[in-house]
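Written below as structure tokens is the structure these notes are about.
The values are calculated or read from the model by the stated rules, or taken from the named source; none is laboratory data. All values reported here derive from a predicted model rather than from experimental measurement. Backbone-built Cβ (ideal geometry, glycine too); neighbour counts: all protein chains shown.
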Amino acid sequence: MAFEGLTGRLQNVFSKLRGKGKVSEDDVNEAMREVRLALLEADVNFKVVKEFVSKVKEKSIGKEVMDSFTPGMVIIDIVNKELTELMGGSQAKLAKSNKPPTVIMMAGLQGAGKTTTSGKLAKLLQKGNHRPLLVAGDIYRPAAIKQLQILGEQIKVPVFTLGDQTSPVEIARQAVQHAKDNNLDYVIIDTAGRLHIDEELMEELKQIHTVTNPDEVLLVVDAMTGQDAVNVADSFNKQLELTGVVLTKLDGDTRGGAALSVKAVTGCPIKFAALGEKIDALEPFHPERMASRILG
Ligand code: GDP
């Protein structure tokens with residue numbers, strides 16, 4: 001992940017502010033104009049940018065800030081806090097059911113990284129002393145089942161499959177029962193993706209939802225697709241009530257637009273960030289750390 005453009009531009013704005021002993025309303029307006037451009041250039045949703053800038057402005061233009069000894073620093077602090085808020089404030093933790101197993105349904109478009117992320121999440125849970133079960137519910141993409149089995153073997157996590165002739169809804173139902181019978185405490189269901197959102201896909205996901213009553217519905221989106229990722233998240237959320245988003249390919253995302261917009265647009269917290277193809281390249285998402293990274 002390298003939000004170089006955004007970080008560089010924000011640092012420019014801030015160094016100008018920091019250099020001033022006194023900050024006028026005009027200075028704030030000028031700085032916010034630059035912040036606005038920097039965010040738009042980073043592909044942040046324009047409504048989100050507008051609201052963000054107006055909030056920061058409102059908090060910055062006031063006697064308290066302007067009369068402080070280091071008004072520039074106070075404004076930078078305000079930006080930092082608002083960026084953190086924009087991404088959800090505090091870390092949104094993964095659900096844990098009182099009545100195991102905790103069921104996690106993974107959704108997303110083809111190629112977003114669903115199968116890979118399912119494996120990574122299993123690994124992360126295993127590291128936390130859990131006993132996850134991976135479920136091969138994507139029966140349409142050739143090789144998706146095999147891909148999950150290979151991941152499972154690699155990390156020594158069982159993979160539940162009934163091949164590609166049983167419906168994913170039935171597979172999911174039996175998988176949850178299998179987890180109960182075998183004392184496995186997390187069920188991660190890899191579902192089918194499509195190139196575009198369509199009725200059939202949504203219908204299947206809704207049915208899997210109905211039979212498994214998941215504790216988490218995580219949408220996997222490719223951060224490199226910027227606002228497209230946000231739009232995909234918004235559409236899924238309208239039909240499926242997501243509980244969280246996983247941003248993948250943040251390692252290749254140079255702008256940061258999806259990371260900064262998805263929570264504000266959809267209301268869904270980002271729960272995990274994937275930063276590479278390797279099996280351990282998945283981290284819980286920390287808004288405050290991300291804000292600090294962006295500010296550089
Ligand atoms: P699915 O169709 O959603 O199940 O997608 P896959 O899990 O098969 O992933 C599609 C491609 O994206 C694969 O080549 C993955 O290795 C790659 N991928 C997944 N997550 C990441 C990530 O965080 N960073 C990078 N660089 N590649 C990723």
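So, in segment 258-296, exactly how many residues are surrounded by fewer than 19 Cβ atoms within 10 Å (Cβ to Cβ) and of a type in the set (Gly, Ala, Ser)?
5
Looking only at segment 17-45, filter to residues that are among the basic types (Lys, Arg) and surrounded by 15 or more Cβ atoms within 10 Å (Cβ to Cβ); which one of those is farthest from residue 72 (Cα to Cα)?
Looking at the filtered set, the residue picked out is 36.
So which pairs qualify, if the first residue must be in segment 10-35 and under 16 Å from residue 82 (Cα atoms), the second must be hydrophobic (A, V, I, L, M, F, W, C) and not in a helix (DSSP H, G or I), the Cβ gap must be under 9 Å, and the two must be at least 6 apart or on different chains?
Every condition considered, the pairs that remain are 28/61; 31/23.
Let's see how each residue does on (1) within 17 Å of the chain's Cα centre (by Cα); (2) more than 16 Å from the ligand (Cβ to nearest atom); (3) farther than 21 Å from residue 232 by Cα:
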site	(1), (2), (3)
51	no, yes, yes
65	no, yes, yes
86	yes, yes, no
92	yes, yes, no
98	no, yes, yes
118	yes, no, no
130	no, yes, yes
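Does residue 91 fit the bill of being in contact with a helix residue (DSSP H, G or I) (Cβ under 8 Å, 6 or more places away or on another chain) and assigned to a loop (DSSP other than H, G, I, E, B)?
The answer is yes for residue 91.
Can you pull out every residue in segment 184-209 that is crowded, with 20+ Cβ neighbours inside 10 Å and free of Cβ contacts under 8 Å to residues at least 24 places away in the same chain?
201 - this is the single residue of segment 184-209 that is crowded, with 20+ Cβ neighbours inside 10 Å and free of Cβ contacts under 8 Å to residues at least 24 places away in the same chain.
Look at residue 72 and say whether it is modelled with pLDDT of 95 or more, over 18 Å from residue 262 (Cβ atoms) and in a helix (DSSP H, G or I).
Criteria not met by residue 72.
Taking residue 106 as meeting all but one of (1) more than 13 Å from the chain's Cα centre (by Cα); (2) within 16 Å of the ligand (Cβ to nearest atom); (3) assigned to a strand (DSSP E or B), write down the number of the exception.
Against the list (1) more than 13 Å from the chain's Cα centre (by Cα); (2) within 16 Å of the ligand (Cβ to nearest atom); (3) assigned to a strand (DSSP E or B), residue 106 comes up short only on (1).
What about residue 212, is it of a type in the set (Val, Ile, Thr) and surrounded by 20 or more Cβ atoms within 10 Å (Cβ to Cβ)?
When the stated conditions are applied, residue 212 passes them.
Here are some residues: 31, 38. Which one is in a helix (DSSP H, G or I) and closer than 30 Å to residue 281 by Cα?
38
Of the numbered conditions (1) touching a residue at least 40 places away in the same chain (Cβ under 8 Å); (2) on the phi < 0 side of the Ramachandran plot; (3) within 12 Å of the ligand (Cβ to nearest atom), residue 142 satisfies every one except a single condition; which is it?
(1)
Give just the number: which of (1) farther than 23 Å from residue 233 by Cβ; (2) surrounded by 15 or more Cβ atoms within 10 Å (Cβ to Cβ); (3) touching a Lys or Arg at 6+ places or on another chain (Cβ under 7 Å) does residue 73 not satisfy?
Looking at each condition in turn, residue 73 falls short on (2).
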